[in-house]
Every structure is written in structure tokens, then in C-alpha cells.
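The values are calculated or read from the model by the stated rules, or taken from the named source; none is laboratory data. Since this is a predicted model, take the numbers as computed values, not measurements. Heads up, the Cβs are rebuilt from the backbone with ideal geometry, glycines too, and the neighbour counts pull from every protein chain shown. Protein only, heavy atoms only, side chains kept; ligands, DNA and RNA dropped before computing areas. Shrake-Rupley method; radii C 1.70, N 1.55, O 1.52, S 1.80 Å.
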Amino acid sequence: MKAFAVLTLAAATLTLSAPAAAQFAKAEDAIKYRQSALFVLGQHFGRLGAMANGKAPFDARLAQENADVVAAMARLPWAAFGPGTDKGAPTKSKPTIWTEQARFKEHAEKLEAESIKLAAAAKTGSLDNLKAAFGPAAQTCKSCHDAYRSK
């Protein structure tokens, strides 16, 4: 049953992420969409970080659930960074996102890949594996934030 739920979530993610740009009537909608997706991703990533850093007790089931959400959410926000979405609502996105699209896309793809590795590590039920995968995933977030997010 759990596998079915994960597959359903993955299928929905794929369905929603591909045509996402067409879903936004206004730049404000795209900004709210990406901010929401990144917020949810960050909440679940933070829970994993608390376990990996010993600030919360390790729970293999919760780690797997949170890592699966992170992997699914990591695919969603990028379509909402389309042309014209640099303005329209308050945002911490730096203008370089739109002038360095290829480099920004590399960061997005790296996050997606590291999130998949994180989910695979969580599925092992090993705290050591979670810790090993969490560090590179966190570094991926940091490098993108350093380059493309205003403080």
C-alpha cells in the first residue's frame, strides 16, 4: 500500500511539474507556487536534518516519509521560475536566475538528484546512511541559495 502511495505521488508530481508554466495566469501565481513548494520541501528537509544532526530522535519510518516528500517536492518549483516571474510579488529570488538559466537549471537538477539519493538512503532505515546523504543534499541547497537567493 505504501509503495502504491509513493508511486501515485510520483506520478502526480510528474504530471504537475511538466505543464506547470501553463498553469500560471499571473507572475504572482508562479511566485506563490514556487514559494509554497520550496516551503514544504524545506519543512520536510528540516525534519531530516534534525534527525541527522541529533536534534531529534531518529525514526526510520518518519525519515523515509519525509525524504519521499523532499524527493517529490524537489521536482516542482522550477517551472515557476519562467520568464516574467521575477516580479509580481515579494520574492527573495536574485535576478541572476533569469540571466543564468542554464546554471540555475543545473542547480535544480542537482537538488533533484541529491533528493533521490536522500530518499534511497532513508529507505535503508540506517541513521548513518541518512547522515551520509543529508550532507551533500544540504550543500546543494546552500550552493543554490548562495548564488540565487537574497538574504
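Label point of Lys87 set 7 angstrom out along Cα-Cβ; within segment 121-151, amide nitrogens under 20 Å from it belong to 149-151.
Ordering Met73, Ile116, Thr96 by the projection of their Cα atoms onto the charge dipole of segment 65-151, which places +1 on the Cβ of Lys and Arg and -1 on the Cβ of Asp and Glu, puts Thr96 at the extreme positive end.
Restricting the GluC sites (Glu not before Pro) of segment 18-103 to loop positions (DSSP other than H, G, I, E, B) with no more than 16 neighbouring Cβ atoms within 10 Å leaves Glu100.
Quick one, which of [x] 0.94; [y] 0.98; [z] 1.08 is the actual Rg/Rh (Cα atoms, Kirkwood Rh) calculated for this model? Here the calculated entry is [y]. The angle between the Cα long axis of helix 101-123 and the main principal axis of the chain comes to about 20°, on a 0 to 90 degree scale. Reachable lysines from Lys110, Cα under 17 Å, same-chain residues fewer than 8 places away excluded? Leaving aside lysines fewer than 8 places away in the same chain, those within reach of Lys110 are Lys142. Quick one: net charge around Ala74, please, counting Lys, Arg +1 and Asp, Glu -1 for every other residue with C-beta under 13 Å from its C-beta. Local charge sum for Ala74: 0.
Distance cut-off 27 Å, Cα to Cα: go down the list Lys26/Lys105; Lys32/Lys94; Lys87/Lys117 and report the pairs above it. Mind showing how you got there, number by number?
Details: Lys26/Lys105 22 Å; Lys32/Lys94 16 Å; Lys87/Lys117 34 Å.
From Lys26/Lys105; Lys32/Lys94; Lys87/Lys117, over 27 Å: Lys87/Lys117.
What size of dipole, in debye to the nearest 20, comes out for segment 28-107 about its Cα centre when the only charges are +1 on Lys and Arg C-beta atoms and -1 on Asp and Glu C-beta atoms? Don't skip to the answer; put the middle values down first.
Values: 11 positive and 8 negative charges, 33 e Å.
Rounded to the nearest 20 debye, it is 160 debye.
For the chain, the Cβ-based charge dipole about the Cα centre amounts to some 280 debye (Lys, Arg positive; Asp, Glu negative; other atoms uncharged).
Stretch Lys105-Ser126 to full length: gain in nm at 0.36 nm per residue minus the Cα-Cα span?
Values: separation 21, 0.36 × 21 = 7.56 nm, distance 3.11 nm.
Length difference between fully extended and current span is 4.4 nm.
With the other protein chains left in place, how much accessible area per residue, in square angstrom, belongs to the chain at a 1.4 angstrom probe? Spell out each step's value before the answer.
Numbers: 8440 Å² over 151 residues.
So the chain comes to 56 Å² accessible per residue, rounded to a whole number.
Computed from Cα positions, the angle between helix 27-52 and the longest principal axis of the chain comes to roughly 20 degrees.
For the chain, which whole percent of the accessible surface, found with a 1.4 angstrom probe, sits on carbon and sulfur atoms? Mind dumping the intermediate values first?
Numbers: 5310 of 8440 Å².
Answer for the chain is 63 percent, counting heavy atoms of protein chains only.
Expressed as a rounded percentage, what relative contact order does the chain have, with Cα pairs under 8 Å and six or more residues apart?
Numbers: 162 pairs, mean separation 42.4, N = 151.
Taking the mean separation of contacting Cα pairs over the length of the chain, I get 28 percent.
In units of 2.2 N^0.38 Å, what is the alpha-carbon radius of gyration of segment 62-130? Provide the component values of the computation, followed by the final result.
Details: Rg = 15.0 Å, N = 69, 2.2 N^0.38 = 11.0 Å.
Computed over Cα atoms of segment 62-130, the ratio equals 1.37.
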